[in-house]
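The values are calculated or read from the model by the stated rules, or taken from the named source; none is laboratory data. Here the structure is a predicted model, which means the values were calculated and not measured. Reconstructed Cβ throughout: ideal geometry from the backbone, glycine too, with neighbour counts over all protein chains shown. All accessible areas refer to the heavy atoms of the entire protein, side chains included, with ligands and DNA or RNA removed. Shrake-Rupley method; radii C 1.70, N 1.55, O 1.52, S 1.80 Å.
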Amino acid sequence: MSQPIHFHPSSGFDQRSREAMNDLHLRRSFRGAMDFLQAKRRAQFTDANELSRLRDLGEAIRRHALANLPQLLEELESRLSRNGVQVHWAQTPEEARAIVLEIAKRKEAKSVVKGKSMVSEEIGLNHALEAAGIDALETDMGEYIVQLAGEAPSHIIMPAIHKTKQQIAELFAAKLPGVAYTENVDELIRIGREVLRKKFATADIGLSGVNFMVAETGTLFLVENEGNGRMCTTVPKVHIAITGIEKVVAKLDHVAILNTLLPRSATGQPVETYQNFISSPRKPGELDGPDEVHLILLDNGRTQAYGDVQLRATLQCIRCGACMNHCPVYARIGGHAYGTTYPGPIGAIISPHLLGLGATHRLATASTLCGACAEVCPVRIPITDLLVRLRNEAQAADADSSLRGAGESRKPLVSILFRAWALVYRYPTLYRLSTWLMSRGRAFMPGYQGAWTGIRTPLIPAKKRLRDLMAERQRTN
Amino acid sequence: MNARDSILARLRAAPAGDPAPLPDVAGWYAAMPRLDAAERLARFKAAIEASHAEVHETYRSLWPDLLLSIAEQKGLRRFLVGGTPEAALLRSRRGALDFIDYEHAGIDWRDEMFANVDASLTNARCALADTGSLVLWPDSREPRMMSLVPPVHFVLLDASAIHQHLYEAMNKEGWADGMPTNAVVISGPSKTADIQQTLAYGAHGPKEVVVLLCRENQE
Ligand code: SF4
């Protein structure tokens, strides 16, 4: 009998990390890519003072937006509606998928071309479309490669970062009719361009993400280098944009600041090739552009993060990926090990809200707390603080937390040990007594000490405590 | 409660955080050193060339001849043009070019446009010095696909219309008072680095962007 499959990133995380660690090709791909991206970012921000002030401003813009989130969403909705854009709200991935499918059905759509959208990955849209008999084609070159290989993106900005050009050359030769093996990158891109051009010209619906939404003007702001985003939002008769509720900002000029941070933090380029401002469907007299523009605003756990003043900072994120590019853990295990749509440090802090802590609490432990992520984050999210908070939440007693799945990694023995520790540390006599007992009873330390002894030798207390050594020293003096 | 009201209710029920005043974006830009017109032009040119666009400096009266000679060098014949006076001027010079008129072609000739057009010509509304960018507000005379689908995109830019940065363009031109259907800021030809971080041009949009930077005619 078949069992329903439950998505549970935590359960396979250790296994997947170990496999990734043992995959030399993968390690080399990621190390190379991370070094490259770090160097490019560094070259963009040569003035540390200026960067610091710019990050202050970026943070202030995002915090202002979050502080006024419900009002801004209403303002955005009313502006967009006045501009002729149809706004939809979805609390769950199911609701979001249903909205897309309903539009597709009404339009009798047979094919959808997709610009890069992590939120569409988050809601598993491609499967839903295919199940409904609708072709869903990724058009970002990286996403296209990943889709052709039947995989998921391993990085939020560079989806095919885990693949070498030889692997891509083999993939194209195997999957595309009439294509011969070539490692020439220009040629590979030309092949992709030709295949996808035909699709753009005939697709019924274009689907995209959104980088920022401007409440003041009712504008969707999208950036990209390839032009596929503009294709998806311009050529088909219907454009559906999907994004999280947190992506709104108050003013148009806030976009100018955020977009000086975004490309430089993400890929180390001064600016993207295309900054696309979309404010309405095709107006009478205009000769192209979609007749219908839809915006789907997705919650999917974001309101849970919002409900907690500290965790709310998670929603400041502008999805630049700098935190993953600088994470020593991500660089070694890659994006797929995480098992979530969003990998790396941002994945560890956002996924618990999307999927519950029960399924994701291991991710927060995949960090050395070195703080590199928080140091590069363009909007100053205190990522390490949030990781520590989530670790604690995963151990919390149920009643103490409002987070879904809190306390799921709580083990009675561990919690007794820590409570005992807290007690011992509170009373000096008790502390002295227990260290005396431990140093004298060191032979009784268990050989198995949980996760610690998984890859390390057991902890054995010293024969003599510091206190004993000090006493000896004073006697000899 | 429907999804919208539930989401908004949850957001409203959340505790207030620390105060978050409206950020001082204007102050940030005011503190930047101002560039004069010549500096802006030089900066624009250097930056967009670094993004792999071609820039040709010319004069208002001379650009059609320049365009014709560049088109000839590049072997471009089939030109997509809009309903602007500049397009009319170019057509009057004809030369060896075939013109395809967007307006008369209508919206249902996509296959043709995707497969058989060599180049297009549009105006830029203005440009941005710091990032080397062209600002286009496509309209009924110069539709959106003109700057996207043809493999080579020629852009006419008035040399006096170069702002220092995006904020200045937004502010001086009052964008927030009325955004068009689509505004697009273009910084060079379409590109990708999705295969092993190797940069390749001509991903989905134009492979080449050719800027004709027009100064007022010499006395
Ligand atoms: S958390 Fe910060 S660094 Fe990471 S993707 Fe978001 S904005 Fe970028």
Checklist entry - Mean residue ellipticity at 222 nm from the helices of chain A, using -39,500 (n - 2.57) per DSSP H segment of n ≥ 4 over the full residue count, to the nearest 500 deg cm²/dmol? => result -16000 deg cm²/dmol
Checklist entry - Along the positive direction of the dipole of region A:64-116 (beta-carbon charges: Lys, Arg +1; Asp, Glu -1; about the Cα centre), which of A:SER78, A:PRO93, A:ALA104 reaches farthest? => result A:ALA104
Item to check | Peptide ranges A:196-208, A:126-138 listed from the most packed, as the mean C-beta count within 10 angstrom indicates | outcome: A:196-208, A:126-138
Checklist outcome for this item: For peptide A:303-314, the mean count of other chain Cβ atoms within 10 Å per residue Cβ is 3
Checklist entry - What is the ratio of the Cα radius of gyration of region A:47-303 to 2.2 N^0.38 Å, where N is its residue count, to two decimals? => result 1.03
Item to check | Rounded accessible area of A:SER415 (nearest 10 Å², 1.4 Å probe) | outcome: 20 Å²
Next on the checklist: Within 10 Å of each Cβ in B:198-211, how many Cβ atoms from other chains are there, averaged over the peptide?
Outcome noted: 6
Checklist outcome for this item: Taking the chain alone as reference and the full protein assembly as comparison, with a 1.4 Å probe on protein heavy atoms only, the residues of region B:1-26 that lose at least 50 Å² of accessible area are B:ALA3, B:ARG4, B:ILE7, B:LEU8, B:ARG10, B:LEU11, B:ARG12, B:PRO15, B:ALA20, B:LEU22, B:PRO23, B:VAL25
Checklist entry - Applying the Karplus parametrisation 6.51 cos²θ - 1.76 cosθ + 1.60 with θ = phi - 60° to the phi angles of region A:211-218, what ³J(HN,Hα) value in whole Hz is obtained for each residue in order, glycine and proline being reported as x? => result 8, 9, 10, 9, 5, 4, 10, x
Checklist entry - Taking the Cα centre of region A:412-476 as origin and charging only Cβ (+1 Lys, Arg; -1 Asp, Glu), how large is the dipole, in debye to the nearest 20? => result 220 debye
Checklist outcome for this item: Given backbone amide H placed at 1.01 Å from N, residues whose amide H is under 5 Å from that of B:ASP158, ignoring those fewer than 5 places away on the same chain, are B:ALA124, B:CYS214
Item to check | Amide H within-cut-off set for A:ILE161, under 5 Å, with H built and near neighbours excluded | outcome: A:SER154, A:HIS155
Checklist outcome for this item: Taking the dipole of chain A about the Cα centre (Lys, Arg +1; Asp, Glu -1; charges at Cβ), the one of A:THR217, A:LEU125, A:LEU262 that reaches farthest to the positive side is A:LEU262
Checklist entry - Can you run phi through the Karplus equation (6.51, -1.76, 1.60; θ = phi - 60°) for region A:328-344 and list ³J(HN,Hα) in whole Hz, with x for Gly and Pro? => result x, 6, 4, 4, 9, 9, x, x, 6, 4, 5, x, 10, 4, 9, x, x
Checklist entry - Can you pull the three principal axis extents for the Cα set of region A:327-477, in Å, largest first? => result 61, 35, 29
Checklist entry - Using the per-residue mean of other Cβ atoms lying within 10 Å as a proxy for protection, in what order, highest first, do the peptides A:141-148, A:170-177, A:184-191 fall? => result A:141-148, A:184-191, A:170-177
Checklist outcome for this item: Checking rank on A:19-30, A:106-117, with mean other Cβ inside 10 Å and highest first, the result is A:106-117, A:19-30
Checklist outcome for this item: In order over region B:5-16: 3J(HN,Hα) from phi, Karplus 6.51/-1.76/1.60, θ = phi - 60°, whole Hz, x for each Gly or Pro, gives 5, 5, 4, 5, 5, 5, 5, 5, 6, 5, x, 6
Checklist entry - Which of A:PHE172, A:ALA462, B:HIS163 sits closest to the plus end of the dipole of the protein assembly as shown, meaning its Cα is farthest towards the positive end, when Lys and Arg get +1 and Asp and Glu get -1 on the C-beta? => result A:ALA462
Item to check | Dipole magnitude of the protein assembly as shown about its Cα centre (Cβ charges: Lys, Arg +1; Asp, Glu -1), debye to nearest 20 | outcome: 3520 debye
Next on the checklist: Considering the Cα positions of region A:412-476, please state its Rg to one decimal place and its Dmax as a whole number of Å.
Outcome noted: 14.1, 46
Checklist entry - Once you wrap a convex hull around the alpha carbon atoms of chain A, what is its projected area averaged over all directions, in nm²? => result 29.7 nm²
Checklist entry - In the full protein assembly as shown, how much of B:TYR29 is accessible to a 1.4 Å probe, in Å² to the nearest 10? => result 20 Å²
Checklist entry - What average count of beta carbons from other chains do you get within 10 Å of the Cβ of residues in B:167-180? => result 4
Item to check | Value of relative contact order over chain B, rounded to a whole percent, pairs C-alpha under 8 Å and six or more apart | outcome: 26 percent
Next on the checklist: Cross-link candidates for A:LYS107: which lysines have Cα within less than 17 Å, leaving aside residues fewer than 8 places away along the same chain?
Outcome noted: A:LYS237
Next on the checklist: Give me the dipole magnitude in Debye, nearest 20, for chain B about the Cα centre, with unit charges on the beta carbon: positive for Lys and Arg, negative for Asp and Glu.
Outcome noted: 260 debye
